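Notes for the one structure printed next.
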């Protein structure tokens, strides 16, 4: 059987490691690979993490983060960038400085990770302020409802509130924003994209599963993969939403907490076993 050839496209993730493999830089690289994009990575921090908790986290130095960025920049034609958890203000500022100097023309998808699925708060207040500066460089930011509430200062209880929060976030100097609806209620999980086309609702079916670990990381990585392959922003968001929904429909019962989605569901499914 012949192996199909696909155009070689490159994306880079700048994020934190998840020792459980379901979120963070591990999820990003899985999503890139599943969507047929070569993934480079820059590690900002390491977590001791599983499906139930984050028990420790240690940030790398800003100089080492910058050295990784330089190494990738010197050798790979990066066509899209995903940014996840950076861990502290120093790393956030280092990434912002490097991207502003070297990647002005490359699409950047920023997932403003602040709290884990298990409830661990990742960012101190000074890092949140630095993150707001980095958001101005991004092509798209992808906050979930709790993150959008922090960034906008508004409470979100339904679609109208999603619109108000998105507009408030745009007022911070953001180019485009996707306020995700997965943390909402109701039969659907619709995301609101506000971009050059105006408000666009990205419809999504709500999947009844406890296994949602890494969904935000995966969605932003999938959007970056789509942009690397030449999709426009709305197309990339729609394709990423469908990919993540499929991953949730075939999610994995791993560990004793919320398991991860299946990043490789387009290619194979895992046979259900007694894993818990």
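Looking at (1) within 22 Å of residue 147 (Cα to Cα); (2) touching a residue at least 40 places away in the same chain (Cβ under 8 Å); (3) surrounded by fewer than 24 Cβ atoms within 10 Å (Cβ to Cβ), which is the one condition that is false for residue 229?
Answer for residue 229: the failing condition is (1).
List, please: which pairs have Cβ atoms under 8 Å, are six or more places apart or on different chains, and start with a residue in region 73-100 that is on the phi > 0 side of the Ramachandran plot and end with one that is crowded, with 24+ Cβ neighbours inside 10 Å?
87/16; 87/44
Part of a loop (DSSP other than H, G, I, E, B), surrounded by fewer than 15 Cβ atoms within 10 Å (Cβ to Cβ) and either over 16 Å from the mean Cα position of the chain (by Cα) or at negative phi (or both), is that true of residue 129?
No.
Just name the residue that is nearest to residue 213 (Cα to Cα) out of those in region 1-19 that are out of contact with any helix residue (DSSP H, G or I) (no Cβ under 8 Å at 6 or more places or on another chain) and in contact (Cβ under 8 Å) with a residue 24 or more places away in the chain.
Only one residue fits best here, namely 19.
At pLDDT 90 or above, within 20 Å of residue 135 (Cα to Cα) and in contact with a strand residue (DSSP E or B) (Cβ under 9 Å, 6 or more places away or on another chain), is that true of residue 165?
yes
Given the options 169, 156, name the one that is over 20 Å from residue 239 (Cα atoms) and part of a loop (DSSP other than H, G, I, E, B).
One residue alone meets the criteria, 156.
Before we move on, is residue 209 touching a residue at least 40 places away in the same chain (Cβ under 8 Å), closer than 19 Å to residue 248 by Cα and crowded, with 18+ Cβ neighbours inside 10 Å?
no
Quick one: would you say residue 19 is within 25 Å of residue 245 (Cα to Cα) and modelled with pLDDT of 95 or more?
yes
Is one or more of the residues making up region 252-266 part of a loop (DSSP other than H, G, I, E, B), surrounded by 24 or more Cβ atoms within 10 Å (Cβ to Cβ) and in contact with a helix residue (DSSP H, G or I) (Cβ under 7 Å, 6 or more places away or on another chain)?
yes
Only strands (runs of 3 or more DSSP E) wholly contained in region 1-103 count here; list those with 3 or more residues that are surrounded by fewer than 24 Cβ atoms within 10 Å (Cβ to Cβ) and within 18 Å of the chain's Cα centre (by Cα).
Counting at least 3 such residues, we get 38-49.
Name the residue, out of 45, 53, that is out of contact with any helix residue (DSSP H, G or I) (no Cβ under 7 Å at 6 or more places or on another chain), within 19 Å of residue 99 (Cβ to Cβ) and touching a residue at least 24 places away in the same chain (Cβ under 8 Å).
That would be 45, the only listed residue that is out of contact with any helix residue (DSSP H, G or I) (no Cβ under 7 Å at 6 or more places or on another chain), within 19 Å of residue 99 (Cβ to Cβ) and touching a residue at least 24 places away in the same chain (Cβ under 8 Å).
Look at residue 148 and say whether it is at pLDDT 90 or above, closer than 29 Å to residue 259 by Cβ and in contact with a strand residue (DSSP E or B) (Cβ under 8 Å, 6 or more places away or on another chain).
Details: at pLDDT 90 or above: yes; closer than 29 Å to residue 259 by Cβ: yes; in contact with a strand residue (DSSP E or B) (Cβ under 8 Å, 6 or more places away or on another chain): yes.
Spelling it out, residue 148 is indeed at pLDDT 90 or above, closer than 29 Å to residue 259 by Cβ and in contact with a strand residue (DSSP E or B) (Cβ under 8 Å, 6 or more places away or on another chain).
Which of the residues that make up region 28-56 are out of contact with any strand residue (DSSP E or B) (no Cβ under 7 Å at 6 or more places or on another chain) and under 20 Å from residue 83 (Cβ atoms)?
Matches in region 28-56: 30, 31, 34, 35.
Being outside any helix (DSSP H, G or I) and modelled with pLDDT of 95 or more is the filter; apply it to region 207-231 and report the residue that is nearest to residue 176 (Cα to Cα). Give the derivation first.
Going through region 207-231, the residues outside any helix (DSSP H, G or I) turn out to be 207-214, 229-231.
So of that shortlist, the ones also modelled with pLDDT of 95 or more come out as 229-231.
On the way: 229: 19, 230: 17, 231: 16 Å.
Top of the filtered list is 231.
The values are calculated or read from the model by the stated rules, or taken from the named source; none is laboratory data. Source: prediction; values computed, not measured. Note that we place each Cβ from the backbone using ideal geometry, even for glycine, and neighbour counts take in every protein chain shown.
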